[in-house]
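Shown next, in structure tokens, is the structure this report addresses.
The values are calculated or read from the model by the stated rules, or taken from the named source; none is laboratory data. Since we're looking at a predicted model, the values are computed, not measured. All Cβ positions, glycine included, derive from the backbone under ideal geometry; neighbour counts span all protein chains shown.
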């Protein structure tokens, strides 16, 4: 009988230890959640509304564009509105476009559409110094290729370049349009 009592006590002690461990472990504060990774950190310099700096090149026009995060910070949306003055042989033109930037697996991609019927698919990359963001269109046989770049300037402004590579020469980018912009201020 004493062996049975001893075994019962040991069993009760083991159950008590297990229950006590469960109570103590549930009393521990939960481990802190890791900080979410900001997948847009390198793009934040673009956020806001930008105004094109005036230029002597009438092809650039005047206008403004904006970058804003949307859909719970899952996409970056750029909207652009440009008015190009009439030239000697060309009427005035209004150009509107929309670009949606998104992450797909380990890449940053963008889709672009404008009111002239163009649609361009881009892959985005940031240079190692993190001061130039490049959007380069996919290479498609027999089609031109485009590169749109936003370059951070020391004064907080942006330099913008739009380059063109002719069909059959997908790496032969040459400047098509260039300009600069500064943040719009509310006054």
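In the condition set (1) in contact with a strand residue (DSSP E or B) (Cβ under 7 Å, 6 or more places away or on another chain); (2) surrounded by 11 or more Cβ atoms within 10 Å (Cβ to Cβ); (3) not in a strand (DSSP E or B), residue 163 is compliant with all but (3).
Of the candidates 150, 122, 112, the single residue that is surrounded by 13 or more Cβ atoms within 10 Å (Cβ to Cβ), touching a helix residue (DSSP H, G or I) at 6+ places or on another chain (Cβ under 7 Å), under 30 Å from residue 39 (Cβ atoms) and modelled with pLDDT of 95 or more is 150.
Name the single residue that is modelled with the highest pLDDT among those in the stretch 166-187 being part of a loop (DSSP other than H, G, I, E, B) and surrounded by 15 or more Cβ atoms within 10 Å (Cβ to Cβ). So the residue we want is 173.
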